[in-house]
Structure formats: structure tokens, C-alpha cells
Amino acid sequence: MTKLQSFMGFTYAQYATQYLKIDEDEQGLFCQVPGMGGDWFKVRVDESGVCPVATHCRCAGFKHHEHCQHTEIVDAFYARIYKTNIEKADAAHIEAAMDAADAQEEAAEMVAIAEQIVARPQIEAPKIVKLNCQQSRQVSFFEGLPSRRKVA
Ligand SMILES: [Zn+2]
């Protein structure tokens, strides 16, 4: 590894990230992190959040400190490749809030339109006015007057 490090200019973290293996079993997602001596460390990953996070490593370091260079490598790896997801998640959160506000505004608009429809005076159907008996008699009386008589 030291040879590789000096030759390639790689740090252990860079090397381990480069050769990191991602796999899955019945317990969920895990990463195989290459150790410095050709051994592999199985790092458990919790992917329930926006960005996966390392939760366990089988190495002694993790046993003592509850974190180790392997979990750090995995965390750094996911933080990098999920960077846009994290940003998108933030953006999506804002967008969702904006959508909710829009929907609310739209609903308010619909209510306003509905209220206008109700408030708008109904166009009255043309009234069919029937003359009652007295009115029709009056009409014929006036029609019978000499002044109204049509010239033959
Ligand atoms: Zn470890």
C-alpha cells in the first residue's frame, strides 16, 4: 500500500473509495471496504434517509469507537455521490411547499369563482305575460275608439 501510495499519490481513503464494493443482502445495503492488507471490511449502511450512512463495521476500531476509517470512507463516498440528491431533496422540499401553497391558492381561486357564479344574477327567462280578462277588455275598448280606428 505504501508503495502504491507513493507511486500513485493516492491516500488510503482514495484507494479504498476507488475499490469500494456495494452489495446487498437480506439485512440491506452494505459496502465492502478494502483494507490495507488485502482484507475487506463489511460496513453496514442505512439507506432509509436521503443520503445513506454507515452504521456498523466489523473492525476493532469500530468496536471501540463506534466509528472507524471504513465507516468514514463509506460516509464520505455517499455524501459525495448523493450530493445532488441532498440538494435536490432540499429543493424538492421547497418545491413541495410551493406546490402546496399554489394548490391552496388555486383552491381559494376556485372558491372565489364558484362564489361569483352563485352571486351572478340569473338571466331571467322571458316572461310570458297573459292578459287577464279586464286587461283584454280594456285593450279592445281602446282599439274601438274613433281616434284609434284604422283608416280603411
Ligand atoms: Zn472499520
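The values are calculated or read from the model by the stated rules, or taken from the named source; none is laboratory data. Every value quoted in this text rests on a predicted model; they were computed, and no experiment measured them. For neighbour counting, all protein chains shown are included, and Cβ atoms are generated from backbone atoms with ideal geometry for every residue, glycine included.
Within the stretch 20-71, work out how many residues are polar (S, T, N, Q) and more than 11 Å from the ligand (Cβ to nearest atom).
Selection size over the stretch 20-71: 4.
Only residues in the stretch 73-87 that are more than 26 Å from residue 40 (Cα to Cα) count as the first member; pair them with residues that are among the aliphatic types (A, V, I, L, M), Cβ under 7 angstrom, at least 6 apart or cross-chain, and list the lot.
85/50; 86/50
Taking the conditions exactly as written (within 28 Å of the chain's Cα centre (by Cα), more than 16 Å from the ligand (Cβ to nearest atom) and among the β-branched types (Val, Ile, Thr)), does residue 111 satisfy them or not?
Yes: the conditions hold for residue 111.
Only one of 91, 79 is surrounded by fewer than 17 Cβ atoms within 10 Å (Cβ to Cβ), hydrophobic (A, V, I, L, M, F, W, C), more than 10 Å from the ligand (Cβ to nearest atom) and over 24 Å from residue 14 (Cα atoms); which?
Only one candidate qualifies: 91.
Residues checked against (1) within 36 Å of the chain's Cα centre (by Cα); (2) modelled with pLDDT of 80 or more:
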position	(1), (2)
58	no, yes
67	yes, yes
70	yes, yes
78	yes, yes
94	yes, yes
116	yes, no
125	no, no
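Look at residue 14 and say whether it is modelled with pLDDT of 95 or more, of a type outside the set (Asp, Glu), on the phi < 0 side of the Ramachandran plot and within 36 Å of the chain's Cα centre (by Cα).
No; evaluated as a whole, the condition is false for this residue.
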